[in-house]
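One structure is given below, encoded as structure tokens.
The values are calculated or read from the model by the stated rules, or taken from the named source; none is laboratory data. Here the structure is a predicted model, which is why all the values come from computation and not from measurement. Glycine also receives a Cβ, built like all others from the backbone with ideal geometry; neighbour counts cover every protein chain displayed.
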Number of protein chains: 4
Amino acid sequence: MSFNTFGRALRLTTWGESHGPAIGCVLDGCPPGLAISEEEIRAELARRATGRSRHTSQRREKDEVKILSGMFEGRTTGTPISLFIENTDARSRDYSEISRQYRPGHADFTYDAKYGTRDYRGGGRSSARETTMRVAAGAIARKWLKQEYDIGIQGWLAQLGPIRTDEQRDWDVVDDSPFFVPSTDIVPELEGFMDALRKSGDSVGARVNCRAWNVPAGLGEPVYGKLDADLATAMMSINATKGVEIGAGFDSVAQKGTEHRDEMTPEGFLGNQAGGILGGISSGQEVVVSVAFKPTSSLRIPCRSIDVDGQPIEVVTKGRHDPCVGIRATPIVEAMMALTLMDHVLRHRGQIGT
Amino acid sequence: MSFNTFGRALRLTTWGESHGPAIGCVLDGCPPGLAISEEEIRAELARRATGRSRHTSQRREKDEVKILSGMFEGRTTGTPISLFIENTDARSRDYSEISRQYRPGHADFTYDAKYGTRDYRGGGRSSARETTMRVAAGAIARKWLKQEYDIGIQGWLAQLGPIRTDEQRDWDVVDDSPFFVPSTDIVPELEGFMDALRKSGDSVGARVNCRAWNVPAGLGEPVYGKLDADLATAMMSINATKGVEIGAGFDSVAQKGTEHRDEMTPEGFLGNQAGGILGGISSGQEVVVSVAFKPTSSLRIPCRSIDVDGQPIEVVTKGRHDPCVGIRATPIVEAMMALTLMDHVLRHRGQIGT
Amino acid sequence: MSFNTFGRALRLTTWGESHGPAIGCVLDGCPPGLAISEEEIRAELARRATGRSRHTSQRREKDEVKILSGMFEGRTTGTPISLFIENTDARSRDYSEISRQYRPGHADFTYDAKYGTRDYRGGGRSSARETTMRVAAGAIARKWLKQEYDIGIQGWLAQLGPIRTDEQRDWDVVDDSPFFVPSTDIVPELEGFMDALRKSGDSVGARVNCRAWNVPAGLGEPVYGKLDADLATAMMSINATKGVEIGAGFDSVAQKGTEHRDEMTPEGFLGNQAGGILGGISSGQEVVVSVAFKPTSSLRIPCRSIDVDGQPIEVVTKGRHDPCVGIRATPIVEAMMALTLMDHVLRHRGQIGT
Amino acid sequence: MSFNTFGRALRLTTWGESHGPAIGCVLDGCPPGLAISEEEIRAELARRATGRSRHTSQRREKDEVKILSGMFEGRTTGTPISLFIENTDARSRDYSEISRQYRPGHADFTYDAKYGTRDYRGGGRSSARETTMRVAAGAIARKWLKQEYDIGIQGWLAQLGPIRTDEQRDWDVVDDSPFFVPSTDIVPELEGFMDALRKSGDSVGARVNCRAWNVPAGLGEPVYGKLDADLATAMMSINATKGVEIGAGFDSVAQKGTEHRDEMTPEGFLGNQAGGILGGISSGQEVVVSVAFKPTSSLRIPCRSIDVDGQPIEVVTKGRHDPCVGIRATPIVEAMMALTLMDHVLRHRGQIGT
């Protein structure tokens, strides 16, 4: 079985391989009447784009997204929205070597185990290129949430390898930051770190946080449709994710109950250890999620592996790769937050009625 | 909308409130031919049972699970399996106070926000009692996985509040341990800690880990049906969960790529930072997940809150509550691992065919 | 795979075999606040009950339905509603013969082909007893639709074997009719027909129609969630159904376009060939569906068949069987109409919002 | 809510409007290893194509379908298959009149009721053009079923308006027939009928039958995933469908049980009133379905209607329209049969395992 659809009332289905002719998605379930343009979606894609700074990889896709359906006279009609991007920068090269190698940390081996075959050009379906369509569809969800409920979503890089990056939190600078950090002061340190990292040929992981405000209380369904459970699957479905936290997350392990439980007053909650979700349902506080990204496995530093015949080989990855995939994961995390919240808003409205 | 079903090819639907007449579940999709008895399911429930040690709460349910359908002559028939437990220990008491209070850290406020009503007796649907049915259904999945694929599943308490509990890993002692820890040496320390904690009236969080071995390579679906994404939603759907990790989890944030990528040799992988999953698909290594549980919010230490009219109140929780819910979460985590793996085995077999 | 769930926003999962200890269902997705009692559900079940007249079979279940969850102080809470009926009239008998026989027209052979096993007592899961839970859950949907939208649902027997039964349409008499026919005049003819049929040992088919009024325009989703497509699967899922029509149905084959298209005026539509659905979406007219039920296959007239070893046998069915299953299918058809409409109302409300 | 996905293990999601830039679909769940080319899909599309004979409408799309993903070196990879067709024959015209009119028998009124807006160019999403993608995806399912199980599928026109067209059944001539009829003798009569019909400006309905052979026994899931229930929704989801029958269908209403029940012998069944499905599960006999299509509502004969303001108008449809949409529905019915059967094969294999 193959499964490439996310969501229940708002459903995103993505398709396409890194080096195929195009990638795309179908977003089904968006209510009618939302005004949105290709330009607005492209603006969101530009935030994720490779080549954004010298710290991310050099593949340069224009990401000229086209809206092929579901719109009429500039507004959504309620029918499925098809988004489409041609792959223009899929450089033709010799894949004979890579076709027989299993790169450690990649999905080469597991795709072969599952399917008995794989499209080895550029990672095929397991390429991070798939996340482009999440950001494109997420742009629609973001705009809808903003317009209908004034919900805002803000992601940021909270840790880059060993460096905590969000002790200072100046939200206004995140979007202009080459690292999506809420601080300008820390940028020189990060640049130095990345330059050294690149020189070493190694890579690091990252932590990306995301918060959403003005989320109405009542989103989420008890037990198996919990808002936090749906956020967990949303985030874990992003390439390279190894962990997801809500609110205090793993810190809650060592917390006392008196520390963790957010007391309430007529003026509101006195803390947000819960991350805006209690019993799987939003409380009206900020919804806060944190996501761990592993370090890129594609390195020019050689490593041991096997080929498709099980023979030992040495793998050296060439080509364009980010030394920290987490840097440009911020817009992807935001997109998954937006898609999850919009799905839950639609699900909740069915129940409450008019 | 309400959503109380987990899984796709194997679907678990649970129902019932803590203080209603009964709780139960329907497990749909189990293949025919599995021999399983009520006794085997009860044995699994006994592991989770309240009252197991003096460190867990004193509610004593017999959990006399009954199989009401889907079995014939001791074997599953392929039709839906209905499991049923009467609530016998739902003590009758005066709920007039609790009916008007929002307990911090609980789902009282959010259920009211969502539904405009709630069954306040014992937490209603948001009670941890719901997890009983996960363990019951999980017992069926565990047996099937063991029999068909020799898959084994082992959970354990890895951290209790501030105390790391699994530095020594003697798997044989876990099931006899009052704390589900893989060590007998650490038990006195844990007992001392829990006694002091109980005296203080406070509570702590916990970390529960779980590993599954003999999982065939190839389980999981690219992109939105990833095995790790489905494990994430499975674990985050358990009451009190605040975080989920696969393999290295949040440690991978500070790792170098050379550290994290598990090299391969003809003899196998040289590490398991990946936690047995690459690109969302099992690699044949041990599948390893780690789950953060928050500290119990029900404390006899008073705290500030509001009532249903928004007026300030002081809340003191009476009654039977675990000072660390994580202690008996181990069988629940195992059950969700079993249900997720069995679901994915069935999904995968559809594709590979005979 | 096994699949026992109907609906998307309102989901009915049924379980149980004819001769097991109990049957039941879980209705998930019902909004909070609906007042409904066990008595109201039982009243609906009584309409379907066996033993209603001398023309239906003699099995006498009391159908003492119990509501085990999802209710609090007489109202739904929004959490899953568990309905439960003990099987009290599952007479113990010798099944050794039937266990080895494939009865023509029954699911014996196909269950064995699918599962390699079957619960042969009373038809097991394929027994019409399963439909009891549809009627029970349908009673909840009916009341909700009535209360929230003043939607009414009326089924009737339109044809009994060769006899057209609804040329006269006096809706007030249907519910008191032993045949669910909208006419008292035709009852003697039907009684004579049934008496002769019973004497002959044979059986006949039936046509049941159902209409729903006050259905708001706009229900149904283009393409694969069409209201008529969902009604078709709803009706075809009832035991013994062989055909489903919407509006003019198969008569539309021989119609001219000028005949079929329902002209519109400011006062409304001038006809209802469409059966209240255009392009898969309700038009505000009466939704009209017609369902064909095959004749009972269980006859005391012998027939040729094979046993589980493929050897030729003669089958004679003993026991209690309706010579026309269609007679008491009317409440089942109504229930499936109610469940489908309520599901679509909830789905539609998610989109239109507040 | 909008829902544009069909199937469970094999999922087809279609998108696109009649007069938008393109239409397409995503077929998710096809196992790896199937060799299929764009040419093979185009051949199937050519069977459905408009302009096939003078009896179908004159819109001439080339239907140059492209496969954009899910294939590698000529074979499916197990990842989602994206099919894409540019709309080249969407003539630009003045829509100001049609934008304000509700055409009787069309979805104009109901789309507005549901969404408050509609893409009125050529019917938008409700156009029969959507069915192109069913045929394209169905071509993949057909080839897979043929190759893996030697399953064959044959549809035919069984009735054209008042004329029964399949009394003679010469299967070899169907595919070359301008009417998809299994007889050459009847073609002159049909041509005469259609010529007169066109002259009159009116339209008629049609009945399309479809049979599938070599379908293994055991497909279908009890109760709500019945094979016949899934075929019913598959067929009813096709534009203009008003009825669906399995096997004897509505004829079974007047049948005796002794007539209907298909007796069994060691050599096989002695009849196929059941249409190859018993208890919702395939029996190994031919699966037989019959579908009623209503007459085209777009006529040059004027009719009464209302405009978007509720004012009375007269509607006359101009442009290219088939006087009998049923004629080219045959490949669509076959496609839905193929998609349903393949979905059920994959679902069933999950259960039976290796």
### Query
Residue check, D:Trp156 against (1) touching a Pro at 6+ places or on another chain (Cβ under 7 Å); (2) of a type in the set (Phe, Trp, Tyr); (3) part of a loop (DSSP other than H, G, I, E, B), all met but one. Which one?
(3)
## Note on the structure
Here the residues within the stretch D:312-321 that are surrounded by fewer than 24 Cβ atoms within 10 Å (Cβ to Cβ) and either touching a residue at least 12 places away in the same chain (Cβ under 8 Å) or in contact with a Phe, Trp or Tyr (Cβ under 7 Å, 6 or more places away or on another chain) (or both) are D:Ile313, D:Glu314, D:Val316, D:Thr317, D:Lys318, D:Gly319, D:Arg320, D:His321
### Query
Within the stretch D:185-199, is there a residue that is in contact with a Lys or Arg (Cβ under 6 Å, 6 or more places away or on another chain) and within 10 Å of chain C (Cβ to nearest Cβ)?
no
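Here's the yes/no breakdown for (1) hydrophobic (A, V, I, L, M, F, W, C); (2) within 20 Å of the chain's Cα centre (by Cα); (3) part of a strand (DSSP E or B); (4) at pLDDT below 95:
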position	(1), (2), (3), (4)
D:Arg42	no, yes, no, no
D:Arg54	no, no, no, yes
D:Gln58	no, yes, no, yes
D:Lys62	no, yes, no, yes
D:Leu83	yes, yes, yes, no
D:Tyr95	no, no, no, yes
D:Asp119	no, no, no, yes
D:Arg129	no, yes, no, yes
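Do we find that A:Thr110 is surrounded by fewer than 21 Cβ atoms within 10 Å (Cβ to Cβ), more than 28 Å from A:Pro216 (Cβ to Cβ) and over 21 Å from the mean Cα position of the chain (by Cα) in this structure? Walk me through how you get there before you give the answer.
Details: surrounded by fewer than 21 Cβ atoms within 10 Å (Cβ to Cβ): no; more than 28 Å from A:Pro216 (Cβ to Cβ): yes; over 21 Å from the mean Cα position of the chain (by Cα): yes.
No, not satisfied.
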### Residue match in the stretch D:18-28 (condition: surrounded by fewer than 24 Cβ atoms within 10 Å (Cβ to Cβ), within 13 Å of chain C (Cβ to nearest Cβ), without any contact (Cβ under 8 Å) to a residue 12 or more places away in the chain and closer than 30 Å to D:Tyr120 by Cα)
no
### Query
So which residues in the stretch A:182-206 are on the phi < 0 side of the Ramachandran plot and surrounded by fewer than 17 Cβ atoms within 10 Å (Cβ to Cβ)?
A:Thr184, A:Asp185, A:Val187, A:Pro188, A:Glu189, A:Glu191, A:Gly192, A:Asp195, A:Ala196, A:Arg198, A:Lys199, A:Ser200
### Query
Within the stretch D:322-354, how many residues are surrounded by fewer than 18 Cβ atoms within 10 Å (Cβ to Cβ) and charged (D, E, K, R)?
0
### Filter result for B:Ala254 (at pLDDT 95 or above and surrounded by fewer than 24 Cβ atoms within 10 Å (Cβ to Cβ))
yes
### Task
Give the residue that is surrounded by the fewest Cβ atoms within 10 Å (Cβ to Cβ), with candidates limited to residues of the stretch D:113-149 that are within 27 Å of A:Arg75 (Cα to Cα) and of a type in the set (Gly, Ala, Ser).
D:Gly116
### Query
Of all residues in the stretch B:248-262, which are under 30 Å from A:Met1 (Cβ atoms), assigned to a loop (DSSP other than H, G, I, E, B) and of a type outside the set (A, V, I, L, M)?
B:Arg261, B:Asp262
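Scanning the stretch B:219-247 for residues that are in a loop (DSSP other than H, G, I, E, B) and touching an Asp or Glu at 6+ places or on another chain (Cβ under 9 Å), which turns out nearest to A:Cys324 (Cα to Cα)?
Out of the qualifying residues, it is B:Gly247.
Condition test on C:Ala206, is it touching a Cys at 6+ places or on another chain (Cβ under 7 Å) and at pLDDT 95 or above? Give the derivation first.
Values: touching a Cys at 6+ places or on another chain (Cβ under 7 Å): yes; at pLDDT 95 or above: yes.
Yes: the conditions hold for C:Ala206.
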#### Entry: Extreme residue, farthest from the other protein chains (Cβ to nearest Cβ), among residues of the stretch A:270-281 that are touching a residue at least 60 places away in the same chain (Cβ under 8 Å) and in a loop (DSSP other than H, G, I, E, B)
A:Gly276
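Within the group D:Thr265, D:Thr233, which residue is within 23 Å of C:Ile281 (Cα to Cα) and of a type in the set (S, T, N, Q)?
Residue meeting the stated conditions: D:Thr233.
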### Message
If I ask for residues that are without any contact (Cβ under 8 Å) to a residue 12 or more places away in the chain and facing chain B (nearest Cβ under 7 Å), which ones from the stretch A:234-269 would you list?
### Response
A:Met236, A:Phe250, A:Val253, A:Ala254, A:Lys256, A:Gly257, A:Thr258, A:Glu263, A:Met264, A:Thr265, A:Pro266
### Message
Tell me whether the stretch B:282-298 contains one or more residues that are among the hydroxyl-bearing types (Ser, Thr, Tyr), more than 7 Å from chain A (Cβ to nearest Cβ), farther than 30 Å from A:Asp309 by Cβ and in contact (Cβ under 8 Å) with a residue 40 or more places away in the chain.
### Response
yes
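Looking for whichever is in contact (Cβ under 8 Å) with a residue 60 or more places away in the chain and at positive phi here; the options are A:Gly124, A:Gly152. Which one fits? I'd like the intermediate steps shown before the answer.
Values: A:Gly152 fails: at positive phi.
Just one listed residue meets the conditions, A:Gly124.
Against the definition (closer than 30 Å to D:Leu299 by Cα and either at the interface with chain D (Cβ under 8 Å from one of its Cβ atoms) or not acidic (Asp, Glu) (or both)), how does C:Val208 come out, yes or no?
Details: closer than 30 Å to D:Leu299 by Cα: no; either at the interface with chain D (Cβ under 8 Å from one of its Cβ atoms) or not acidic (Asp, Glu) (or both): yes.
No.
Residue-by-condition table, conditions (1) under 30 Å from B:Phe193 (Cα atoms); (2) modelled with pLDDT under 95:
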{"site": "B:Val288", "(1), (2)": "yes, no"}
{"site": "B:Ala292", "(1), (2)": "yes, no"}
{"site": "B:Ser298", "(1), (2)": "yes, yes"}
{"site": "B:Ile306", "(1), (2)": "no, no"}
{"site": "B:Thr317", "(1), (2)": "yes, yes"}
{"site": "B:Cys324", "(1), (2)": "yes, yes"}
{"site": "B:Glu334", "(1), (2)": "yes, no"}
{"site": "B:Leu341", "(1), (2)": "no, no"}
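For the stretch A:1-10, what are the residues that are at the interface with another protein chain (Cβ under 7 Å from one of its Cβ atoms) and touching a strand residue (DSSP E or B) at 6+ places or on another chain (Cβ under 9 Å)? It would help to see each step written out before you state the result.
Here is the first cut: in the stretch A:1-10, the ones at the interface with another protein chain (Cβ under 7 Å from one of its Cβ atoms) are A:1-6, A:9.
Once the filter is applied, which keeps residues that are at the interface with another protein chain (Cβ under 7 Å from one of its Cβ atoms) and touching a strand residue (DSSP E or B) at 6+ places or on another chain (Cβ under 9 Å), the stretch A:1-10 yields A:Met1, A:Ser2, A:Phe3, A:Asn4, A:Thr5, A:Phe6.
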### Task
Go through (1) on the phi < 0 side of the Ramachandran plot; (2) more than 23 Å from the chain's Cα centre (by Cα); (3) at the interface with another protein chain (Cβ under 7 Å from one of its Cβ atoms) and name the single condition C:Val223 misses.
(1)
#### Entry: Filtered residue count, the stretch D:162-181, keeping only those that are surrounded by 20 or more Cβ atoms within 10 Å (Cβ to Cβ) and either closer than 24 Å to D:His344 by Cβ or within 18 Å of the chain's Cα centre (by Cα) (or both)
4
#### Entry: In the stretch C:63-107, residue surrounded by the fewest Cβ atoms within 10 Å (Cβ to Cβ) [restricted to those that are over 22 Å from A:Glu221 (Cβ atoms) and β-branched (Val, Ile, Thr)]
C:Thr88
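Which residues, counting only those in the stretch D:210-229, are buried (at least 22 other Cβ atoms within 10 Å of the Cβ) and not small (Gly, Ala, Ser)? First the steps, then the outcome.
Keep residues of the stretch D:210-229 that are buried (at least 22 other Cβ atoms within 10 Å of the Cβ), which gives D:210-212, D:215, D:218-229.
Listed by number, the residues that qualify are D:Cys210, D:Arg211, D:Val215, D:Leu219, D:Glu221, D:Pro222, D:Val223, D:Tyr224, D:Lys226, D:Leu227, D:Asp228.
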